[in-house]
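Below is one structure; the comments refer to it alone.
The values are calculated or read from the model by the stated rules, or taken from the named source; none is laboratory data. The structure presented is a predicted model; accordingly, all values stated were derived computationally and were not measured. Neighbour counts are summed over all protein chains in view; Cβ atoms, including those assigned to glycine, are modelled from backbone coordinates with ideal geometry.
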Amino acid sequence: MPTSEYNEPMARASAASDVFNAIAEAHRREILDALVAGERPVGELVDMLRLTQPQVSKHLRVLSDVGLVKCRAEGRRRLYRLDHENLRPLHDWLEKYEQYWNGRLDRLDDYLSDLQRKERM
Amino acid sequence: MTVTRHGSATVEFPSDREALITRKFDASAELVFDVLTKPEHVSVWFTDGDEDLEVCEIDLRVGGEYRYVGVFDNGVRCSFHGTFLEIERPVRRVETWVFAGRPDVEAVETVELHEQDGVTTMTVLLAFKDQPSRDASPWTAADGVHAADGMQGSYDNLEDHVTALA
């Protein structure tokens, strides 16, 4: 493996770890799941998660700080939505994880096929 | 050209400190188990074209140890080892997993094989001691060259950052 190949993902990792920290908490992942379907007011999130409004607001603040959710006001309501672009570091990280495993397991797969082909001959 | 299952491994995170990898193989569970645990097999498939497996020792019994040392074309070594905790051929294997470049990132690896209609589904559950260890793991695994090479800088940055946030 050439060393240079990994410089870029390594550099990105620091920025990504903010996002990891934000999603390390189960309730915050539930909030993200709830927002996948679309924009929601805080009140709906409170009902869905069965938490208090201050608790939900605290989680939303963490998610906003790392840019995973965006907020807009509509009259007196505050509506929250996912910001997909900022999920990208997470996506990149997961892709790297999957690439590693796929590379190794694809070689195992090919080897198994070779063994079985030889057995049949 | 036959259809392959290339690229079909999936990665999930069942909890904050775990990673679950799932992959199907068109082979019996017995064969998959042996290919995963016998050095004469592992030494063939485990490494890529630019890496040689210099050491491949597998003492397949409870309490027995395994050790792999890979050497890349550029001379960099990458090694990991562990101890078998449970062995139930061909369906289940549990072992510790320690990467030499990052001994703090130890995991317990549980490998299960379920065969149905000639297709074996393999699941690999890696349980790390905490979330930062798990999140560092793709770099320790795929990118082990850095640690082995003494190029710890980027690693340490990542680690510091993750630890500070945890």
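So which of B:Leu126, B:Leu85, B:Leu113 ends up being at pLDDT 85 or above, more than 18 Å from B:Ile21 (Cβ to Cβ) and of a type outside the set (D, E, K, R)?
Residue meeting the stated conditions: B:Leu85.
One residue stands out among those in segment B:49-75 that are in a loop (DSSP other than H, G, I, E, B) and surrounded by 13 or more Cβ atoms within 10 Å (Cβ to Cβ): the one that is farthest from the other protein chains (Cβ to nearest Cβ), which is B:Gly64.
One line per residue, one yes/no per condition, for (1) of a type in the set (A, V, I, L, M, F, W, C); (2) more than 14 Å from B:Leu60 (Cα to Cα); (3) assigned to a loop (DSSP other than H, G, I, E, B):
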residue	(1), (2), (3)
B:Gly82	no, no, no
B:Leu85	yes, no, no
B:Pro90	no, no, yes
B:Thr96	no, no, no
B:Ala107	yes, yes, no
B:Thr110	no, yes, no
B:His114	no, yes, no
B:Ala127	yes, yes, no
B:Pro132	no, yes, no
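Of all residues in segment B:17-31, those satisfying the criterion of being touching a helix residue (DSSP H, G or I) at 6+ places or on another chain (Cβ under 7 Å), within 16 Å of B:Val91 (Cα to Cα) and not in a strand (DSSP E or B) are B:Ala27, B:Leu31. From the list A:Ile23, A:Ile31, the one residue that fits, being surrounded by 17 or more Cβ atoms within 10 Å (Cβ to Cβ), in contact (Cβ under 8 Å) with a residue 60 or more places away in the chain and of a type in the set (A, V, I, L, M, F, W, C), is A:Ile23.
Evaluated against (1) in contact with a strand residue (DSSP E or B) (Cβ under 7 Å, 6 or more places away or on another chain); (2) among the acidic types (Asp, Glu); (3) surrounded by fewer than 19 Cβ atoms within 10 Å (Cβ to Cβ), B:Glu95 falls short on exactly one condition, (3). In this structure, does B:Val32 turn out to be within 25 Å of B:Arg67 (Cα to Cα) and modelled with pLDDT under 85? Here the answer is no, as B:Val32 does not meet what is asked. In segment B:13-48, the residue that is surrounded by the fewest Cβ atoms within 10 Å (Cβ to Cβ) out of those that are within 10 Å of chain A (Cβ to nearest Cβ) and charged (D, E, K, R) is B:Asp48. Taking the condition part of a loop (DSSP other than H, G, I, E, B), of a type outside the set (S, T, N, Q) and either more than 12 Å from chain B (Cβ to nearest Cβ) or within 30 Å of B:His41 (Cβ to Cβ) (or both), does A:Leu51 pass? Yes. Residues that are within 14 Å of chain B (Cβ to nearest Cβ) and of a type in the set (A, V, I, L, M, F, W, C) were ranked within segment A:65-113; the one that is nearest to B:Gly118 (Cα to Cα) is A:Leu112.
Against the list (1) without any contact (Cβ under 8 Å) to a residue 12 or more places away in the chain; (2) part of a loop (DSSP other than H, G, I, E, B); (3) not hydrophobic (A, V, I, L, M, F, W, C), the condition B:Glu40 fails is (2).
The set of residues from segment A:40-59 being touching an Asp or Glu at 6+ places or on another chain (Cβ under 9 Å) and within 24 Å of A:Glu85 (Cα to Cα) comprises A:Pro41, A:Leu45, A:His59.
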